[in-house]
Amino acid sequence: MKISFFPSANIEFLDAIDFYDYHSPELGLAFKKELFEALDFIQLFPNSWQKVGPHTHKCVLKKFPYVLLYIIDGEQLLISAVAHQHRHPRSYLNRK
């Protein structure tokens, strides 16, 4: 499956890396690694994660307070949000 990020999700991803890099380069690298590992699992088992909307699934990261919200569109995964769990989580669900 091909993975694409919504522009807003890509900005959220880069902002999170910048935030963790500011505190420690190792944290930024660890966040990036965990996110890519989650994407690998989503590619393998796209329907395994909880549905939180009619077309949106949620994958919770293990070590960081983030979730990946994604839509399955045929053979493509659309990452709609790299959402911090403490920042208005419902607001991410209406992205298209």
Can you spot a residue in the range 40-54 that is in contact with a helix residue (DSSP H, G or I) (Cβ under 9 Å, 6 or more places away or on another chain) and modelled with pLDDT of 95 or more?
no
Out of (1) within 14 Å of residue 84 (Cβ to Cβ); (2) part of a loop (DSSP other than H, G, I, E, B); (3) touching a strand residue (DSSP E or B) at 6+ places or on another chain (Cβ under 9 Å); (4) not aromatic (Phe, Trp, Tyr), the one residue 47 does not meet is (1)
Given (1) surrounded by 17 or more Cβ atoms within 10 Å (Cβ to Cβ); (2) among the β-branched types (Val, Ile, Thr); (3) within 17 Å of residue 85 (Cβ to Cβ), number of the condition residue 60 does not satisfy
(1)
Over the range 15-28, the set of residues under 17 Å from residue 65 (Cβ atoms) and either of a type in the set (Ser, Thr, Tyr) or without any contact (Cβ under 8 Å) to a residue 12 or more places away in the chain (or both) is 15, 18, 19, 20, 21, 22, 23, 24, 27, 28
Which condition breaks for residue 28 when tested against (1) outside any helix (DSSP H, G or I); (2) in contact with an Asp or Glu (Cβ under 7 Å, 6 or more places away or on another chain)?
(1)
Pairs returned, first residue in the range 29-45 that is small (Gly, Ala, Ser), second residue that is surrounded by fewer than 16 Cβ atoms within 10 Å (Cβ to Cβ), beta-carbon separation under 8 angstrom, 6 or more apart or interchain, are 30/63
Residue 91 vs (1) surrounded by 17 or more Cβ atoms within 10 Å (Cβ to Cβ); (2) modelled with pLDDT under 95; (3) part of a helix (DSSP H, G or I): all pass except (1)
Given the structure, is residue 25 surrounded by fewer than 16 Cβ atoms within 10 Å (Cβ to Cβ) and modelled with pLDDT under 90?
yes
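The values are calculated or read from the model by the stated rules, or taken from the named source; none is laboratory data. Bear in mind that the values here come from a model prediction, so they are computed numbers and not experimental data. Neighbour counts run over all protein chains shown; Cβ positions are idealised from the backbone, glycine included.
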